[in-house]
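**Student:** Take this structure, written in structure tokens, and hold onto it; I'll ask about it next.
A short reminder: the numbers here are calculations on the coordinates, not readings from a lab. Remember, it's a predicted structure, so these values are computed and weren't measured experimentally. Neighbour counts run over all protein chains shown; Cβ positions are idealised from the backbone, glycine included.
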Amino acid sequence: MKEIKFEHIRKFYGDTEVVKDLSFTVKEGERLILLGPSGCGKSTILRMIAGLEDITDGSLYMDGKKMNDVPSGHRNVAMVFQNYALYPHMTVKQNIIYGLKVHKLPKQEIQDRLDSVLDMLQLRGLEDRLPKELSGGQRQRVALARATVKRSNFFLLDEPLSNLDAQLRVSARKELVKIHEMFKQTIVYVTHDQIEAMTFADRIVLMYNGELQMIDTPTNVYHRPANIFTAKFIGSPPTNILEMDYNQGRIIIGQQSFELTEMWKRHIKKAQIENLVFGIRPEHVQLSKSPSQNGLKGEVKYIENQGDSYSVYLDLDGQEMIALSEDRHWHQGETAYLSPQLERIHLFNKETENSIGYPEELNETENNMEERGIYV
Ligand code: ADP
Ligand code: MG
């Protein structure tokens with residue numbers, strides 16, 4: 001089984017704990033994305049899998065075997081580093097096959113693997129160039145090629161596309177998917193870019209400050225954030241998070257309030273938590289020029305053009321709320337009426353910042369929607 005299992009893993013640098021009690025399993029053949037802001041411990045986690053970093057505490061299993069003390073060279077991993085780490089004095093071809101020669105593979109096998117990867121990553125004609133004679137995108141493809149020819153069970157990538165421009169990133173992502181479909185490696189892919197995570201991942205591990213925040217499918221990370229951090233990190237513009245009070249089925253924000261549906265009222269009652277924080281994504285707030293039933297009103301403060309829509313920043317009795325609108329006729333200072341889509345709201349426990357979950361009825365619809373491929 002090409003599975004990777006973290007069991008209560010901790011990592012210290014000196015007195016600083018940079019990975020905190022981490023437990024999760026990467027399934028055989030899956031594309032798992034480690035996502036989180038810079039400094040949250042992603043590279044450290046990847047380097048522990050690769051055997052480039054000691055594990056302070058806990059156990060790492062790969063293929064069912066404990067790997068804590070197994071040297072890097074014996075872990076059946078291939079790794080792509082953020083800065084590519086190509087050998088500057090070697091040609092493209094030499095860079096790609098270096099590892100295979102070290103492992104003394106038969107000549108013909110080396111040639112076959114080289115041919116296949118040169119075609120797949122469109123590197124034909126560049127075999128004899130030095131890295132300094134290549135563009136950023138080409139260097140990145142050489143780094144991918146060098147890792148791919150190893151045909152390792154475990155493929156580790158540390159922000160492999162972050163040095164590329166947006167267009168190249170899209171095509172490189174497609175190449176990666178192709179490689180994965182061909183070799184079905186277990187992939188752990190580090191990025192701080194949520195778009196990359198949403199588009200490439202089977203599942204996402206969201207990290208913050210050395211701690212796992214949520215592990216789930218992109219759909220669930222977006223629609224069912226486990227806590228406030230996840231809700232704010234995923235999505236652009238981020239989820240609106242507002243202070244609120246709850247009273248007899250109504251959410252009170254500042255001087256205004258609106259009524260929840262019966263299923264939410266039942267859910268809150270069942271959860272027995274009334275000290276709540278309100279969350280809603282900008283794309284799930286409807287804006288209008290005329291008063292809406294069961295809605296709120298705010299003052300337009302700022303408008304940002306998103307191309308196909310506008311982010312309208314509103315002041316809601318002293319708190320900020322962003323709403324997406326296709327209408328471009330919004331002006332600073334005018335009054336806007338907004339209605340949150342009630343089946344799209346998120347409620348968090350104010351003390352723990354964790355989600356209080358969702359009414360069962362909603363979860364049923366969400367599951368159906370995912371099966372029908374409506375999201376993402
Ligand atoms: P990320 O890849 O998510 O940006 P890293 O795993 O590189 O984060 O780093 C996690 C934390 O560990 C950071 O605070 C970083 O400063 C610290 N760190 C990383 N490497 C070392 C090291 N060799 N010595 C001391 N601290 C380190
Ligand atoms: Mg890093």
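**Student:** I'd like the FRET efficiency for Asp63 and Lys20, computed as 1/(1 + (r/R0)^6) with the beta carbon distance as r and R0 of 22 Å, rounded to 0.05.
**Tutor:** On the way: r = 25 Å, r/R0 = 1.16.
Taking R0 as 22 Å, the efficiency between Asp63 and Lys20 is 0.30.
**Student:** Starting from the Cα of Ile303, move 7 Å in the Cα-to-Cβ direction to define the label point; list residues of the stretch 318-333 whose amide nitrogen is under 20 Å from there.
**Tutor:** Flagged as within label range: 320-333.
**Student:** Okay, next question. I want to check the label-to-label distance for Asn294 and Val177. Put each point 7 Å from Cα in the C-beta direction and report it in nm to one decimal.
**Tutor:** 3.8 nm
**Student:** Within the chain, which DSSP H helices have Cα atoms that stretch 15 Å or more along the helix axis and a mean Kyte-Doolittle hydropathy of at least 1.0? Present the calculation step by step, with values, prior to reporting the outcome.
**Tutor:** Working: long enough: 92-102 (16 Å, 0.43); 107-120 (20 Å, -0.86); 136-148 (18 Å, -0.66); 166-183 (26 Å, -0.14); 360-371 (17 Å, -2.21).
Counting only whole DSSP H runs, no helix qualifies.
**Student:** Please compute the Kirkwood hydrodynamic radius of the chain from all pairs of different C-alpha atoms, in Å with one decimal.
**Tutor:** Details: mean 1/r = 0.0430 Å⁻¹.
Computed over Cα pairs of the chain, the Kirkwood hydrodynamic radius comes out at 23.2 Å.
**Student:** How big is D, in µm² s⁻¹, for the stretch 236-376 by Stokes-Einstein at 4 °C and 1.567 mPa s if Rh is the Kirkwood radius over C-alpha pairs? Don't skip to the end; give the middle numbers.
**Tutor:** Working: Rh = 15.9 Å.
Roughly 81 µm²/s, to the nearest whole number.
**Student:** Just tell me which lysines come within less than 18 Å, Cα to Cα, of Lys2; anything on the same chain fewer than 8 places away is out.
**Tutor:** Lys27, Lys65, Lys66, Lys150, Lys184
**Student:** Which part of the stretch 66-98 falls in the paramagnetic zone of Asp128, meaning amide N under 15 Å from the point 7 Å along Cα-to-beta-carbon?
**Tutor:** 91-94
**Student:** For Asp57, list long-range residues whose amide hydrogen, built 1.01 Å from N in the peptide plane, is under 5 Å from its own amide hydrogen.
**Tutor:** Long-range HN contacts for Asp57: Arg10.
**Student:** Another question, if that's okay. Taking 0.36 nm per residue of separation and subtracting the Cα-Cα distance, what length does fully extending Asp54 through Ile195 add?
**Tutor:** On the way: separation 141, 0.36 × 141 = 50.76 nm, distance 3.09 nm.
Once the chain is fully extended between Asp54 and Ile195, it gains 47.7 nm.
**Student:** Roughly how many Å is it from the Cα centre of the stretch 249-293 to that of the stretch 1-49, as a whole number?
**Tutor:** Rounded to whole Å, the Cα centres lie 36 Å apart.
**Student:** Loop by DSSP (not H, G, I, E, B), at most 12 other beta-carbon atoms within 10 Å: where is the longest site-free stretch of the chain for trypsin sites (Lys or Arg not before Pro)?
**Tutor:** Details: sites that count: Lys104, Arg124, Lys289, Arg328, Arg372.
In short, 125-288.
**Student:** On to the next question. To the nearest Å, what is the center-to-center distance of the stretch 135-177 and the stretch 319-337, using C-alpha atoms only?
**Tutor:** 41 Å
**Student:** Further question on the same structure: Pulled fully out, how much extra length does the chain show between Glu360 and Glu262, if you take 0.36 nm times their separation in residues and subtract their Cα-Cα distance? Walk me through the numbers before you get to the answer.
**Tutor:** Values: separation 98, 0.36 × 98 = 35.28 nm, distance 1.20 nm.
Full-extension gain reported as 34.1 nm.
**Student:** Here is a follow-up. What 222 nm value per residue comes from the helices of the chain, counting each DSSP H run with n ≥ 4 as -39,500 (n - 2.57) and dividing by all residues, nearest 500 deg cm²/dmol? Before the final figure, lay out the partial values.
**Tutor:** Values: 10 runs with 106 residues, N = 376.
Taking each H run of at least 4 residues, the total per residue is -8500 deg cm²/dmol.
**Student:** A further question on this structure: GNM on the chain, C-alpha springs below 10 Å: top fluctuator among Ala271, Ala172, Ala323?
**Tutor:** Checking each option, the largest mean-square fluctuation is seen for Ala271.
**Student:** How long is the stretch 1-130 along each principal axis, judged by its Cα atoms, biggest number first, in Å?
**Tutor:** Extents along the principal axes: 48, 31, 24 Å.
**Student:** Something else about it: Which whole-percent values make up P(r) of the stretch 4-228 when all C-alpha to C-alpha distances are grouped in 10 Å steps starting at zero?
**Tutor:** 8, 33, 35, 19, 4, 0
**Student:** Let me ask another. Would you mind calculating the gained length between Asn247 and Ala166 on full extension (0.36 nm times residue separation, minus the Cα-Cα distance), in nm to one decimal? Don't skip to the answer; put the middle values down first.
**Tutor:** On the way: separation 81, 0.36 × 81 = 29.16 nm, distance 4.70 nm.
Using 0.36 nm per residue and subtracting the Cα-Cα distance, I get 24.5 nm.
**Student:** Right, next: Could you give each residue of the stretch 333-347 its phi-based ³J(HN,Hα) in whole Hz, using Karplus coefficients 6.51, -1.76, 1.60 with θ = phi - 60°, and x for Gly or Pro?
**Tutor:** x, 7, 8, 10, 9, 10, 10, x, 5, 5, 7, 10, 7, 10, 10
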